[in-house]
Amino acid sequence: QPVLAVVGRPNVGKSTLVNRILGRREAVVQDTPGVTRDRIAYDALWAGRRFTVVDTGGWEPDATGLQGSVAAQAEIAMNTADAVLVVVDATVGATTTDEAVARVLRRSKRPVLLAANKVDDERLIADAASLWSLGIGEPYPVSALHGRSSGDLLDVIVAALPEAPRDGERAAGPRRVALVGKPNVGKSSLLNKISGEQRAVVDSVAGTTVDPVDSLVELDDQTWRFVDTAGLRKRVQTASGTEYYASLRTKTAIDASEVSVVLLDASEPLSEQDLRVLTMVVDAGRACVLAFNKWDLVDEERRYQLERELDRGLVRVPWAERVNISALTGRSVRKLAPALRTALTSWDQRVPTGQLNGWLSELIAATPPPVRGGKQPKVLFATQAGIRPPTLVLFTTGFLEAGYRRFIERKFRERFGFAGSPVRINVRVRE
Ligand code: GDP
């Protein structure tokens, strides 16, 4: 989701204008003098376009003096955001601080928009026009307080911002599930077990518009589409030397799915092959349910062993949903549906930008990123850029070590959940 940074000296009506841009979606927390504002980034929506609005007033660059610090904020904004909105008080005209900001922004490679604020009536439009002198383009007269012309400004803003990549629009119909795992782990048995009781639903697939390699299965009063199951249902045993095809088929199924059930044989040690399948699911960004099959063969001792194997084996997916089942006896197979639902809810989840930044600024104040090369990287703000899978973008002033990113992910999950879904964290370091 594209980012608009709003810069300007204090009292020009920045916060009011930001609130105007946000509509009633998220209210900007009012400034308390002397207290660092903890929320600086918010979600905005205009003409069907989503974008993040960053109020740079929350940044505290280490420059001295008002003029220096506002100019420094403009500099960061210019290097971080996709477009910069400069707010100037038209009733006052261009001050030396405004000029300092304009000087910085004239070098910007990204669009810079100029809002001439406090144009509460027609007679002030001439004042707005005088701001052409700043040399950063056309001044758009607005009244943040009364909302005058703010719609026009928003039109200009969304036109200047790059298109947001669309959230993976999901096709209507049942959620798509892949059933994957190494040979003989019990995939066919499980599919037969869960579809056996629902033969009517499954048989109706043939000759309908549903791709015949998929199976529609009723689980827990919900219809699911198990993708690419032709081979499983017919129990086509692949000939020798076809491991390549088996792996290709696994990949195809995972790609076609929204959530993957990785079947593991609980009676045997976790294998390399199991981990390869898991890695494929995580890399594809799919929600994930681990189903420990053949639980009927698991005794007390094996259970203990398994726990220890998992501590080491599942370091990449500690967040995956887990169920213990037996495809043979049907034990706990009904627990599959709730696990699938949990994983998909997480996969679809979006944390509002304001909430995200409120949480993040507290976390970072308590545990700042480790110093690298004598410099303390700062995390300026974050936004959840996408869902399916949930993807966060952190805007920083320096590289964040992998360990620190994992720390953020862990804390993020503690705060917001996301059980059963991978979460991607991208870091955008300002140039
Ligand atoms: P696939 O290759 O993953 O499709 O595995 P299959 O469904 O063909 O199962 C492989 C073997 O494991 C068969 O002999 C099944 O009867 C057996 N099996 C599958 N699920 C279970 C289970 O929950 N418990 C036990 N004891 N055996 C199972």
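Let me check I have the definition right: for the range 353-429, take the eigenvalues of the Cα gyration tensor, multiply each by 5, take square roots. What are those semi-axes in whole Å, largest first? Let's see the in-between values first.
On the way: eigenvalues 83, 31, 28 Å².
Its equivalent ellipsoid spans semi-axes of 20, 12, 12 Å.
Remark on Leu380: its backbone amide H falls under 5 Å from those of Phe395, Thr396, Thr397, a criterion applied only to residues 5 or more positions apart or on other chains, H modelled at 1.01 Å from N. With the cut-off at 1.5 for a/c, could you classify the chain from its C-alpha gyration tensor as rounded, prolate or oblate? It comes out prolate by the Cα gyration axes.
Put a dot 7 Å past the Cα of Arg49, heading toward its Cβ, do the same for Arg372, and the two dots end up 3.2 nm apart.
Per residue of the chain, the DSSP helices (runs of n ≥ 4 H) give a summed -39500 (n - 2.57) that works out to -10500 deg cm²/dmol at 222 nm. Computed about its Cα centre, the charge dipole of the chain is approximately 660 debye, with only Lys, Arg, Asp and Glu carrying charge at their Cβ.
Applying 1/(1 + (r/R0)^6) with r as the Cβ-Cβ distance of Trp132 and Arg107 and R0 = 22 angstrom yields a FRET efficiency of 0.75.
Each of Leu248 and Glu99 was given a label point 7 Å from its Cα along the Cα-to-Cβ line. The distance between the two points is 6.9 nm.
Axis angle, to the nearest 10 degrees, between helix 150-160 and the longest C-alpha principal axis of the chain: 60 degrees.
Converting phi to 3J(HN,Hα) with the Karplus coefficients 6.51, -1.76 and 1.60 and the offset θ = phi - 60°, the range 342-349 yields 4, 4, 6, 4, 5, 5, 8, 6 Hz in sequence order, with x at every glycine or proline.
Can you give the relative contact order of the chain as a percent, counting alpha carbon pairs under 8 Å and 6+ residues apart? Spell out each step's value before the answer.
Working: 814 pairs, mean separation 59.4, N = 431.
The value is 14 percent.
Protection proxy ranking for 281-289, 344-352, using the average of other Cβ atoms within 10 Å per residue and placing the highest first: 281-289, 344-352. Backbone geometry of the range 373-385 corresponds, through the Karplus equation with coefficients 6.51, -1.76 and 1.60 at θ = phi - 60°, to 3J(HN,Hα) couplings of x, x, 10, 9, x, 10, 9, 7, 6, 9, 8, 8, 6 Hz, x marking Gly and Pro. Here the range 290-431 is assigned +1 on the Cβ of each Lys and Arg and -1 on the Cβ of each Asp and Glu. Its dipole about the Cα centre then comes out at about 380 debye.
For the range 408-414, backbone phi angles converted through the Karplus equation (6.51, -1.76, 1.60; θ = phi - 60°) give residue-by-residue couplings of 4, 4, 4, 5, 4, 5, 4 Hz, Gly and Pro being listed as x. Listed cross-link partners Lys187/Lys335; Lys193/Lys251; Lys14/Lys375; Lys14/Lys109 are compared with a 28 Å cut-off, the Cα-Cα value being larger for Lys14/Lys375.
Packing-based ranking of 3-14, 45-56 yields 3-14, 45-56, ordered from highest to lowest mean Cβ neighbour count within 10 Å. Close amide H partners of Ala83, meaning residues 5 or more places away or on another chain with modelled amide H under 5 Å apart, are Val3, Ala5. Beta-bridge orientation, the chain: approximately 30 percent antiparallel, per DSSP, counting only bridges with both partners inside. Under 1.5 on a/c is rounded, so check that first for the range 64-194, then, if it is not, pick prolate when a/b is larger than b/c and oblate when it is not; a ≥ b ≥ c are the square roots of the alpha carbon gyration tensor eigenvalues. Prolate is the answer for the range 64-194, as a/c is 1.5 or above and a/b outweighs b/c.
Rounded, prolate or oblate: pick one for the range 290-389, where a ≥ b ≥ c are the square roots of the eigenvalues of its C-alpha gyration tensor, a/c under 1.5 means rounded, and failing that, prolate if a/b is larger than b/c, else oblate. Walk me through the numbers on the way to the answer.
Working: a/c = 4.31, a/b = 1.92, b/c = 2.24.
It comes out oblate by the Cα gyration axes.
Taking label positions 7 Å along the Cα-Cβ direction at both Ser271 and Ala230, the computed distance is 2.6 nm, reported to one decimal.
Of the peptides 174-186, 214-226, 371-383, the ranking by mean beta-carbon count within 10 Å, highest at the top, reads 174-186, 214-226, 371-383.
Can you grab the distance from the C-alpha centre of the range 244-300 to the C-alpha centre of the range 124-160, Å, no decimals? When both Cα centres are located, 56 Å separates them.
Rule-based calculations on the coordinates, nothing more; no lab input. Bear in mind that the values here come from a model prediction, so they are computed numbers and not experimental data. A quick note on method: Cβ atoms are made from the backbone with ideal geometry, for glycine too, and the neighbour counts reach across all protein chains shown.
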